[in-house]
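Beneath this line is the structure, given in structure tokens, with notes to follow.
The values are calculated or read from the model by the stated rules, or taken from the named source; none is laboratory data. Because the structure is predicted, anything quoted here is derived from the model rather than measured. Heads up, the Cβs are rebuilt from the backbone with ideal geometry, glycines too, and the neighbour counts pull from every protein chain shown.
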Amino acid sequence: MATTKVPLYWVGTADGEQRLFREFRDTAEGPAAVDPIAAAAALLTTSAPEDPDHRTYWSPVDQVGSSTSPDGTITVDLPSGAFRSRLGEGEARLALQQLAHTVTATASTAGLLPQSSRPEVVVLVDGRARQEVFGSVRLDRPLRPDEGLEAPLWLVDPRAGAHPDGAVTLSGRALEGVGECRWTVTDEDGATVSSGALPTVPQGDGTVGFRTELELSPGTYEVRVTGRTAEDEPVHDGSSVEVVPR
């Protein structure tokens, strides 16, 4: 079956702060083609982050409805079971930002938003507006994605786990304005195995991407990327990987 990729946002920690990290995930082309926003929202509740350091606050549901108005307002209708977790207000608002980022990014990718619109997300619970969710937050106004919650820098590959020796792909993204991006690989003793500067390429969505190939022999490594924000604040992300013989 053909698939299409949708962006999903997960919760993680960046420099001691709770931030949102994006992964692209395959979904069946049929449901995604008919209603890509609903498909992405449903996948957010049923799948798990590939990075073990990331997490989600959503509970799985199998039916999600959505619609988009000409002014860019996205309405998402979720069953009450999606909000099963009892969360404090801060965590609940972060969970709602997971959803807002996921559905607006999906709508943008699918060409469903008017140009120059500032998308808002109205969340319904079993078709009802203004409901209290996660036991702590009332949905009394539309959500707007808070770009300040996106991690300024994150590593997409290599993912944690085992990789065959030889070429290991290092890739990731950063918000525009993050500079001096570098990578470093250290072994189990903390010794630097390799390092270098990461050239970045604008992605057209307010981010820059980077990618390089590493040659690693069998062993356990920490792969780390670093950069500095426009305010000269250091940012980083990393992953522990095991390289095994082919």
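If you check Asp189, Asp237, Asp205 for being surrounded by fewer than 12 Cβ atoms within 10 Å (Cβ to Cβ) and among the charged types (D, E, K, R), only one passes: Asp189. For the range 85-115, filtered to residues that are at pLDDT 90 or above and of a type in the set (S, T, N, Q), the residue that is surrounded by the fewest Cβ atoms within 10 Å (Cβ to Cβ) is Ser85.
Please go through the range 193-206 and give me each residue that is assigned to a strand (DSSP E or B) and over 20 Å from Val223 (Cβ atoms), ordered by number. Even if it seems obvious, please write down each step before you answer.
Quick first cut of the range 193-206, residues assigned to a strand (DSSP E or B) only: 193-197, 201-202.
Pro202, the sole residue that qualifies.
Note on the range 74-84: residues that are buried (at least 22 other Cβ atoms within 10 Å of the Cβ) and in a loop (DSSP other than H, G, I, E, B) amount to 0. Out of the range 39-65, which residues are touching a strand residue (DSSP E or B) at 6+ places or on another chain (Cβ under 6 Å) and not in a loop (DSSP other than H, G, I, E, B)? Result: Ala39, Ala40, Ala41, Leu43, Leu44, Arg55, Gly65. Do the conditions hold for Thr46, that is, is it polar (S, T, N, Q) and touching a residue at least 40 places away in the same chain (Cβ under 8 Å)? Judged against the criteria, Thr46 is not a match. Checked against the criterion of being surrounded by fewer than 17 Cβ atoms within 10 Å (Cβ to Cβ), in a loop (DSSP other than H, G, I, E, B) and at pLDDT 85 or above, the range 146-155 has at least one qualifying residue. With respect to the conditions (1) more than 22 Å from Thr13 (Cβ to Cβ); (2) outside any loop (DSSP other than H, G, I, E, B), Arg182 lacks only one, and its number is (1).
For (1) among the aromatic types (Phe, Trp, Tyr); (2) at pLDDT below 90; (3) exposed (fewer than 14 other Cβ atoms within 10 Å of the Cβ); (4) not assigned by TED's automatic domain parsing to the domain that holds Val122, each residue gets a yes or a no:
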position	(1), (2), (3), (4)
Ala28	no, yes, yes, no
Ile37	no, no, no, no
Ala41	no, no, no, no
Thr45	no, no, no, no
Glu50	no, yes, no, no
His54	no, yes, no, no
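Evaluate the range 158-179: report whether one residue or more is in a strand (DSSP E or B) and without any contact (Cβ under 8 Å) to a residue 24 or more places away in the chain. So far as the range 158-179 goes, no, none of its residues is in a strand (DSSP E or B) and without any contact (Cβ under 8 Å) to a residue 24 or more places away in the chain.
Here is a list: Arg118, Arg130, Arg141. Which entry is surrounded by fewer than 15 Cβ atoms within 10 Å (Cβ to Cβ), within 20 Å of Ser66 (Cβ to Cβ) and touching an Asp or Glu at 6+ places or on another chain (Cβ under 6 Å)?
Details: Arg118 fails: touching an Asp or Glu at 6+ places or on another chain (Cβ under 6 Å); Arg141 fails: touching an Asp or Glu at 6+ places or on another chain (Cβ under 6 Å).
Just a single option satisfies the conditions, and that option is Arg130.
Would you call Val61 touching a Pro at 6+ places or on another chain (Cβ under 7 Å), at pLDDT below 90 and either surrounded by 21 or more Cβ atoms within 10 Å (Cβ to Cβ) or more than 27 Å from Ala162 (Cβ to Cβ) (or both)? Spelling it out, it is not the case that Val61 is touching a Pro at 6+ places or on another chain (Cβ under 7 Å), at pLDDT below 90 and either surrounded by 21 or more Cβ atoms within 10 Å (Cβ to Cβ) or more than 27 Å from Ala162 (Cβ to Cβ) (or both).
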